[in-house]
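Visitor: Next up is a structure, given as C-alpha cells.
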Amino acid sequence: MRRREFITLLGGAAAWPLAARAQQPALPVIGLLMGVAADAAGQVQANSFRDGLAEIGFAVGRNVAIEYRWAAGRSGQLPERTADLIRRNVAVIATNSNTTTLSAKAATATIPIVFAIGGDPVKMGLVASLNRPGGNITGVSFLSTGTVTKRLALLLDIAPKVGHVGALINPTNPGSEAELSEIHEAARALGLEPRILMAASESQIDAAFGTLIQARAGALLVQGDPFFSERRRQIAALALRHGIPTVGQSPDNADAGLLMSYGTNISDAMRTAGTYVGRILKGEKPADLPVQQTTRLVLVINLVTAKALGVTVPITLLASADEIIE
C-alpha cells in the first residue's frame, strides 16, 4: 500500500467515531417547571422526580436530559419560564403546583404536561375526568382538600381555648376559592371564628400578622402554596415573635420553624409524576393515563417551637406524629 493511500485510510478511520457520535440522536429533554426555589427543599422534590424517572429506566445524562426552571414562589415569572421551555422544544413539561400547571396549560395544547398538584384537576379545567384525562395533560393529585378540618383540630389540641383562628391565603393561587370554602365550613364545625388574611407579597405577610394580632386570633393556619413555602421562615419567625401556634401543610413548614405541618408530602407525588413522564417518553399518551391520587398524610411536630411558644403538646398527639423535631 502506498504511503499516501495509507494516510488517507488512517484519517478516515479516525473520523469514524466522530461521525458516529454526530449521528447519534439527541436525548429527549424534559422541562421541569417548579414553583419553588432551587434550595434544599426544592432539590428534594427534583430528586424525587428523578427517582420516578429511574423506576421507568431513565437516567439523567444517559438517556434523558432535564431543563430546570424555578419560579421561587413568584407566579408573575411563570409565563416567561414556561415560554422558555417551549422554545427549548422539550418533549414533556412536568409541574409541581396549581400555578405552574395552569401556566403550562395556557402555553401549549400539544406538548404533554404531567402535574403534581394539590387541587382538583377536573374543577381546574386541566382534565376531562380523572380516569380519562382526554388531552395533553395528566398527573398526580395529592390530597389537600379535606385536610383543613384536621389541621384546625390539631391546633385545638394544643390551644383548646382558641376562639378566633387566622387563615393565611394567597389570593393568586387558583385553589384559594375552594380552600376558603373549606376553611369556613371546618371552622363552623369546630365552633371557631375564622379570620381570613390575604397575602401575595412579603409586606402583605407582615401586615397580615398585624391584623391577626388586632383580631386577637390565637392560632394560624397557612395555606399550602409555593409563595408561602418560599417564605416559610418569615412566617415561622413572625408566628414565634407574636406567640401564635401555626400549622402548615408540607413537612418543610415545620422544618422551618412552624409548630406543625399536616398534609401530603409532595415528594411522593413528584416521584409518581416522574414515572408518568417516563411512560410518556416511551410512547404512552397523556389522554390515556388516569390521574393518580396520593393519600398518605404526614404529621410533623416541632417541639423546639412548642417550647419557645410555651405550649404543651399532648402525649397522644406526639404518639400520632410521623416526625418530631427536637
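The values are calculated or read from the model by the stated rules, or taken from the named source; none is laboratory data. All values reported here derive from a predicted model rather than from experimental measurement. Please note: Cβ atoms are built from the backbone with ideal geometry, for glycine as well, and neighbour counts cover all protein chains shown.
Visitor: Is it the case that region 60-69 has a residue that's within 17 Å of Ile137 (Cα to Cα), in contact with a Gly (Cβ under 8 Å, 6 or more places away or on another chain) and surrounded by 15 or more Cβ atoms within 10 Å (Cβ to Cβ)?
Guide: The answer is no, given that none of the residues of region 60-69 is within 17 Å of Ile137 (Cα to Cα), in contact with a Gly (Cβ under 8 Å, 6 or more places away or on another chain) and surrounded by 15 or more Cβ atoms within 10 Å (Cβ to Cβ).
Visitor: Here is a check on your reading of the model: is Val162 of a type in the set (A, V, I, L, M, F, W, C) and within 21 Å of Thr294 (Cα to Cα)?
Guide: No.
Visitor: Pick from Ala237, Ala217, Ala187, Ala200: which is part of a helix (DSSP H, G or I), surrounded by 15 or more Cβ atoms within 10 Å (Cβ to Cβ) and free of Cβ contacts under 8 Å to residues at least 60 places away in the same chain?
Guide: Testing whether each residue is part of a helix (DSSP H, G or I), surrounded by 15 or more Cβ atoms within 10 Å (Cβ to Cβ) and free of Cβ contacts under 8 Å to residues at least 60 places away in the same chain leaves just Ala187.
Visitor: Which condition number in (1) at pLDDT below 95; (2) farther than 19 Å from Ser97 by Cβ is the one that Gln249 fails?
Guide: Evaluating Gln249 over (1) at pLDDT below 95; (2) farther than 19 Å from Ser97 by Cβ leaves (2) as the failure.
Visitor: Which condition number does Leu258 fail, the rest of (1) at pLDDT 95 or above; (2) buried (at least 22 other Cβ atoms within 10 Å of the Cβ); (3) closer than 30 Å to Val29 by Cα; (4) of a type in the set (A, V, I, L, M) being met?
Guide: (3)
Visitor: Of the numbered conditions (1) modelled with pLDDT of 90 or more; (2) over 21 Å from Ala159 (Cα atoms), Gly210 fails exactly one; give the number of that condition.
Guide: The number of the failed condition is (2).
Visitor: State which residue is farthest from Gln223 (Cα to Cα) when the search covers only region 63-79 and only residues that are out of contact with any helix residue (DSSP H, G or I) (no Cβ under 7 Å at 6 or more places or on another chain) and at pLDDT below 95.
Guide: Here the residue is Gln77.
Visitor: Can you tell me which residue is modelled with the highest pLDDT among those in region 283-296 that are over 17 Å from Thr110 (Cα atoms) and surrounded by fewer than 17 Cβ atoms within 10 Å (Cβ to Cβ)?
Guide: Pro290
Visitor: Right, another one. Pick out the one residue from Ala104, Ala159, Ala94, Ala116 that is surrounded by fewer than 22 Cβ atoms within 10 Å (Cβ to Cβ), of a type in the set (Gly, Ala, Ser) and out of contact with any Lys or Arg (no Cβ under 6 Å at 6 or more places or on another chain).
Guide: Criteria check complete, one pass: Ala159.
Visitor: What residue, among those in region 160-197 that are out of contact with any Leu (no Cβ under 8 Å at 6 or more places or on another chain) and among the aliphatic types (A, V, I, L, M), is nearest to Thr99 (Cα to Cα)?
Guide: Only one residue fits best here, namely Ala178.
Visitor: Continuing with the same structure: Could you list, in sequence order, the residues of region 157-184 that are part of a helix (DSSP H, G or I), of a type in the set (A, V, I, L, M, F, W, C) and touching a helix residue (DSSP H, G or I) at 6+ places or on another chain (Cβ under 8 Å)?
Guide: Scanning region 157-184 gives Ile158, Ile183.
Visitor: Identify, from the list Ala306, Ala273, the residue that is farther than 27 Å from Thr95 by Cβ and modelled with pLDDT of 95 or more.
Guide: Testing whether each residue is farther than 27 Å from Thr95 by Cβ and modelled with pLDDT of 95 or more leaves just Ala306.
Visitor: Strands (runs of 3 or more DSSP E) wholly in region 39-156 with at least 3 residues that are more than 15 Å from the chain's Cα centre (by Cα) - which ones?
Guide: It comes to 65-70.
Visitor: Let me confirm something: among Ser181, Ser201, which residue is polar (S, T, N, Q) and at pLDDT below 90?
Guide: Testing whether each residue is polar (S, T, N, Q) and at pLDDT below 90 leaves just Ser181.
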